[in-house]
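Quick notes on the structure that follows.
The values are calculated or read from the model by the stated rules, or taken from the named source; none is laboratory data. The shown structure was predicted, so the numbers you read here are calculated from the model rather than taken from an experiment. All Cβ positions, even for glycine, are placed from backbone atoms using ideal geometry, and neighbour counts span all protein chains on display.
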Amino acid sequence: MARLLDLGIDFEHWCFACGRLNPSGLQLDFDVSADRATARYTGVQRHQGYDGALHGGIVTALLDETMGWAIFQQGIWGVTAKIAVTFKRPVPIGEELIINGEVARDRGRGIETRGTVARAADGEVLAEGTALFLRMPDERRAELERRYSRTDEAFARVRAAIEAETHSQVEEHART
């Protein structure tokens, strides 16, 4: 997996989910691999709904952001057109969570994703979601890549790291 922060992606902005400048935000960081993104998060009291439980809107934001980063390493920037979340159990404050997002199906302009929020301690899935992302036009994609790169080649580095990981997995599979 490739850690976005280590490869030159700029998180010094105000995005509620991944921006470092937003003191009330989630400040997520992502590991990505082919068609997948993973984040870790520990809920804080200011993001709670009922006592001791993460607000459902925050859980939805965790899924939305992680599923969105799952599509980007292919050079795709998208916007959420539709999202559905199923809450299986209350998501606790103060416990580390693992959020996974993955591409389920690429339909051209629309990309279907799915994701889970699980407790890190035991892997129990507490919420799951699906979303449809619509591709942004190429000129907007290029603008966003420039904005969110600390270096000119940041997104090329991410894609290269994922390709190297995939190539390594193929070679390992061929040896077994």
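Checking the conditions here, which among 141, 119 is surrounded by 12 or more Cβ atoms within 10 Å (Cβ to Cβ) and over 23 Å from residue 56 (Cα atoms)?
141
Give me a count of the residues in the stretch 45-87 that are among the small types (Gly, Ala, Ser) and within 26 Å of residue 148 (Cβ to Cβ).
Kept after step one, since they are among the small types (Gly, Ala, Ser), are these residues of the stretch 45-87: 49, 52-53, 56-57, 61, 68, 70, 75, 78, 81, 84.
Next, from what is left, pick out any that are within 26 Å of residue 148 (Cβ to Cβ): 57, 61, 68, 70, 75, 78, 81.
Looking only at that region, the number is 7.
Out of the residues in the stretch 7-35 that are buried (at least 20 other Cβ atoms within 10 Å of the Cβ) and not in a loop (DSSP other than H, G, I, E, B), state the one that is nearest to the chain's Cα centre (by Cα).
Per the criteria, the residue is 32.
Any residue in the stretch 129-146 that is in contact (Cβ under 8 Å) with a residue 24 or more places away in the chain, assigned to a strand (DSSP E or B), under 18 Å from residue 29 (Cβ atoms) and within 14 Å of the chain's Cα centre (by Cα)? Before you say what the answer is, go through the steps one by one.
Here is the first cut: in the stretch 129-146, the ones in contact (Cβ under 8 Å) with a residue 24 or more places away in the chain are 129-136, 140-141, 144-145.
Then keep just the ones that are assigned to a strand (DSSP E or B); that gives 129-135.
Next cut, under 18 Å from residue 29 (Cβ atoms) only: none.
Taking every residue of the stretch 129-146 in turn, none turns out to be in contact (Cβ under 8 Å) with a residue 24 or more places away in the chain, assigned to a strand (DSSP E or B), under 18 Å from residue 29 (Cβ atoms) and within 14 Å of the chain's Cα centre (by Cα).
Looking only at the stretch 122-169, count how many residues are closer than 22 Å to residue 100 by Cβ and modelled with pLDDT under 90.
12
I need the full set of residues from the stretch 39-68 which are assigned to a strand (DSSP E or B), crowded, with 20+ Cβ neighbours inside 10 Å and within 11 Å of the chain's Cα centre (by Cα), in order please.
Across the stretch 39-68, the qualifying residue is only 39.
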